[in-house]
1. Within the range 106-125, which residues are closer than 13 Å to residue 89 by Cα and in contact (Cβ under 8 Å) with a residue 12 or more places away in the chain?
2. Among the residues that make up the range 83-91, is at least one of them in a helix (DSSP H, G or I) and either surrounded by 13 or more Cβ atoms within 10 Å (Cβ to Cβ) or in contact with a helix residue (DSSP H, G or I) (Cβ under 6 Å, 6 or more places away or on another chain) (or both)?
3. With the structure loaded, tell me whether residue 78 is modelled with pLDDT of 95 or more and assigned to a helix (DSSP H, G or I) or whether it fails that test.
4. Do we have any residue at all in the range 106-117 that's over 26 Å from residue 31 (Cβ atoms) and surrounded by fewer than 17 Cβ atoms within 10 Å (Cβ to Cβ)?
5. If we scan the range 26-33, do we find a residue that is part of a helix (DSSP H, G or I) and at pLDDT 95 or above?
6. Which ones in the range 41-66 are at pLDDT 85 or above and either under 22 Å from residue 108 (Cα atoms) or exposed (fewer than 15 other Cβ atoms within 10 Å of the Cβ) (or both)?
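The values are calculated or read from the model by the stated rules, or taken from the named source; none is laboratory data. For clarity, every value in this text was computed on a predicted model and none was experimentally measured. Reconstructed Cβ throughout: ideal geometry from the backbone, glycine too, with neighbour counts over all protein chains shown.
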C-alpha cells in the first residue's frame, strides 16, 4: 500500500500521542521522562523516514494541554486498527522498544505503564 503524506503526518502525530500516553500513564510526567523522550527522538532512532518534529510537536501539544493519557493511548490504538499497513514489523518493534525505554526512564516500569505496553503489544499482534 502506498502511503500518502496525510497518512504519514497522522502516523507521526499518533506516535507522539502514544509516547505522551506512556510517560503520562501515572498522571505525572517527570523531567527524566520528558528528557528521555526528547533525547530518543533527537537521536533519530526512527531513521530518516520518520518526521521527528511532528512526533515532538504532537507530544508537546498534549503535554501543554495536560491531555488525558488514556484518551491519547486509545487514539493511537484506533489509528493502528484503521491503518495496519503503515505499521511494518520494524516500526512496531521500534515503537515497543522506545515505549519500554520511556516507561523505565524513572526507576522502573509502573503498573499503569505496564498495562499500556501490554495493550500496545496485543494491538500490534492483532
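1. The answer is 121, 123, 124.
2. yes
3. yes
4. Checking the range 106-117: not a single residue is over 26 Å from residue 31 (Cβ atoms) and surrounded by fewer than 17 Cβ atoms within 10 Å (Cβ to Cβ).
5. Within the range 26-33 (the criterion being part of a helix (DSSP H, G or I) and at pLDDT 95 or above), the answer is no, since none of the residues qualifies.
6. 53, 57, 59, 61, 63, 64, 65, 66
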